[in-house]
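Structure, as structure tokens:
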Amino acid sequence: MKNIVKVIFIIIITSNTFLTVNAQEIENNSQNKTSFFNKNIEYQAKAQFSIGGASPIGIPAEIRKIESYNPTLQLGIGLNATKWFYDNRKFGIRIGLNVEGRGMKTQAKVKNYYTQIEDDTGAQTKGYFTGHVITEMDNAYISMPILFIWNTSERWNLYGGFYFSTLIDKSFSGYIYEGTFREGSPIGEPTTFENTAKGLYDFSNYLSPFQFGSQVGAEFKLKNNFSLFLDITMAHKQVFKKDFEAISFKMYNIYGNAGFAYTF
């Protein structure tokens with residue numbers, strides 16, 4: 001009987017010690033996790049305007065002249081969380097969530113420009129056009145940048161990394177005018193557009209729903225937790241879906257972004 005009591009007593013003591021140690025470890029882990037998400041963390045709210053457009057890399061031979069370019073009003077807002085790796089806050093990583101506009105309006109003079117137009121009945125025709133082209137793009141994306149931050153001085157941060165975007169609003173349309181459209185090939189049956197005649201096109205449904213690319217920039221800290229930033233984003237994926245053929249060259253979102261941020 002005494003031996004059984006001793007065994008029960010030892011089990012109780014051992015269990016109590018184990019539970020105490022285990023509870024302490026859980027508490028320490030919880031404190032460590034809490035510390036990780038609270039220590040050396042900065043949160044930012046930001047607003048920006050952007051200038052750029054969907055552009056080929058290099059000017060294709062079909063585009064003979066850019067006659068006008070209007071970046072239109074492209075605004076964006078977002079939130080950032082920056083985790084600094086050390087107490088000196090020299091290096092860190094930033095993750096953000098942004099809603100941003102991507103648009104433009106251009107007018108170009110082209111020769112043997114492959115495209116697709118619609119007539120009054122909605123029937124689509126592909127062919128080669130020589131004349132003038134108006135393009136209007138007005139898209140919106142939700143983007144998540146993942147950036148590495150380098151605090152170079154008391155006021156300056158440099159950053160660079162990647163971003164991933166999802167298309168949430170889309171419009172890519174325009175028209176051809178004052179020129180000749182040849183159906184099927186550069187020597188096909190000609191259709192002349194004169195005076196107010198236009199050949200309309202709308203490629204909105206062919207836009208790729210997903211984008212990714214690179215981002216680099218700099219941030220200047222002002223007083224009262226405000227800062228100014230300037231960066232460049234360049235897509236590595238073309239704006240249209242892979243099987244899109246109504247434009248013979250690939251186009252990529254390339255933008256300069258400027259704005260201000262408030263650090264909490």
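Think of a 1.4 Å ball rolled over the protein heavy atoms: the chain then has 59 Å² of accessible area per residue. Per residue, the average separation of C-alpha pairs within less than 8 Å and at least 6 apart gives the chain a relative contact order of 19 percent. Other residues lying with their Cβ under 11 Å from the Cβ of ALA235 contribute a combined charge of +3, Lys and Arg counting +1, Asp and Glu -1.
Between ALA258 and ILE187, what FRET efficiency follows from the Cβ-Cβ distance if R0 is 41 Å, with the result rounded to 0.05?
Values: r = 48 Å, r/R0 = 1.16.
Taking R0 as 41 Å, the efficiency between ALA258 and ILE187 is 0.30.
Counting pairs of alpha carbon atoms under 8 Å apart in space and at least six apart in sequence, what relative contact order in percent does the stretch 162-264 give?
Details: 184 pairs, mean separation 24.8, N = 103.
Computed value for the stretch 162-264: 24 percent relative contact order.
Of the peptides 193-199, 125-131, the order by per-residue mean of other Cβ atoms within 10 Å, starting with the highest, comes out as 125-131, 193-199. The slack between MET234 and ALA218, meaning 0.36 nm per residue of separation minus the straight C-alpha distance, is 4.2 nm. Highest average first, the peptides 185-191, 80-86, 159-165, 118-124 ordered by how many other beta carbon atoms sit within 10 Å of their residues are 159-165, 80-86, 185-191, 118-124.
Need the full-extension length gain, ILE77 to ASP119, defined as separation in residues times 0.36 nm minus the C-alpha distance. One decimal, nm. Intermediate values should be presented prior to the final figure.
Details: separation 42, 0.36 × 42 = 15.12 nm, distance 3.92 nm.
Result for the pair: 11.2 nm of gain on full extension.
Over the chain, with every protein chain in place, what whole percent of the accessible area is carbon and sulfur at 1.4 Å, could you tell me? Looking at the chain in its full context, I get 61 percent from C and S.
Report the rotationally averaged projected area of the chain based on its alpha-carbon convex hull, in square nanometres.
Mean projected area of the Cα convex hull: 23.3 nm².
To two decimal places, what compactness ratio does the stretch 135-234 give when its Cα radius of gyration is scaled by 2.2 N^0.38 Å?
Details: Rg = 22.0 Å, N = 100, 2.2 N^0.38 = 12.7 Å.
In units of the 2.2 N^0.38 Å rule of thumb, it is 1.73.
Among residues other than ASN157 with Cβ under 15 Å from its Cβ, the summed charge is +3 (Lys and Arg +1, Asp and Glu -1).
The values are calculated or read from the model by the stated rules, or taken from the named source; none is laboratory data. Small disclaimer: the values here were computed from a predicted structure and weren't measured. We place every Cβ from the backbone using ideal geometry, glycine too, and count neighbours over all the protein chains shown. For the accessible areas, the whole protein counts, side chains as well, though only heavy atoms, and no ligand, DNA or RNA atoms are used. Shrake-Rupley method; radii C 1.70, N 1.55, O 1.52, S 1.80 Å.
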